[in-house]
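Note sheet for the following structure.
The values are calculated or read from the model by the stated rules, or taken from the named source; none is laboratory data. All figures in this text were calculated on a predicted structure; none of them were measured in a lab. Cβ: placed from backbone, ideal geometry, glycine included. Neighbour counts: every protein chain shown.
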Amino acid sequence: MSNQENLQPKLRQKANDILGRLSPAEREALLVKNWMSHDARWFMAVAAECGIQVANRLNQIVTHGIGKVEARRVARALQLPPMTTVDDYLPAQEIFMSLLGRDLADYDLVRVGDNAFKIHLRRCFAHENVVRAGTADDYVCGIFSRTNGWLEAMGLEYEMAPPLGKCLKVEGRECVHTFSFTNQPNRGK
């Protein structure tokens, strides 16, 4: 057994050389697509094994939790300053969204007052996937539970309207959610 050569170092170098053919943007896009495929298959496996209600409940827990973890991790890595206002938070929100994959959703982000913003999600990968999978009628949106995780990780108190629930697009409604900060400092003092 001592005569056997460990192939891992040479194979690692060969793999790195092959992966080097991808630009950073191509590599990132591939990683995002693979992660989203994992996400969809995980959800469908839980739904098939345990039922759609369990899959929805677990998806809410997981997306909220990962939102908190990734927001803290990204804020630390980028040394983002503390956030207390909508103006502080919105650039971070766009950073978080960008890291998930720029092509996963088309949305407008609009400020609606000193302490609020709204997101109008025109196209959503989750909605597209649940429609394609035939589970849309029972799907509870996991996208905004992730956003809630981001907000909570940044220590922001907020109200969301409408509250989390069934996919608005599936219900034939526009997917528009408003987030109002409740801990906005008084700028007049």
Next on the checklist: Against the definition (part of a helix (DSSP H, G or I), more than 14 Å from Thr135 (Cβ to Cβ) and in contact (Cβ under 8 Å) with a residue 24 or more places away in the chain), how does Ala40 come out, yes or no?
Outcome noted: no
Checklist entry - Considering Ala25, Ala71, Ala48, which residue is surrounded by 16 or more Cβ atoms within 10 Å (Cβ to Cβ) and out of contact with any His (no Cβ under 9 Å at 6 or more places or on another chain)? => result Ala71
Checklist entry - For the range 28-45, how many residues meet the condition of being surrounded by 14 or more Cβ atoms within 10 Å (Cβ to Cβ) and closer than 27 Å to Glu152 by Cα? => result 7
Checklist entry - If we scan the range 135-147, do we find a residue that is at positive phi and not in a strand (DSSP E or B)? => result no
Checklist entry - Arg27: more than 13 Å from the chain's Cα centre (by Cα), in a helix (DSSP H, G or I) and modelled with pLDDT of 95 or more, yes or no? => result no
Checklist entry - Going through the range 71-102 one residue at a time, which ones are on the phi < 0 side of the Ramachandran plot, assigned to a loop (DSSP other than H, G, I, E, B) and free of Cβ contacts under 8 Å to residues at least 24 places away in the same chain? => result Leu80, Pro81, Arg102
Checklist outcome for this item: Taking the range 129-177 and keeping only residues that are basic (Lys, Arg) and touching a Ser or Thr at 6+ places or on another chain (Cβ under 8 Å), one is left with Arg146
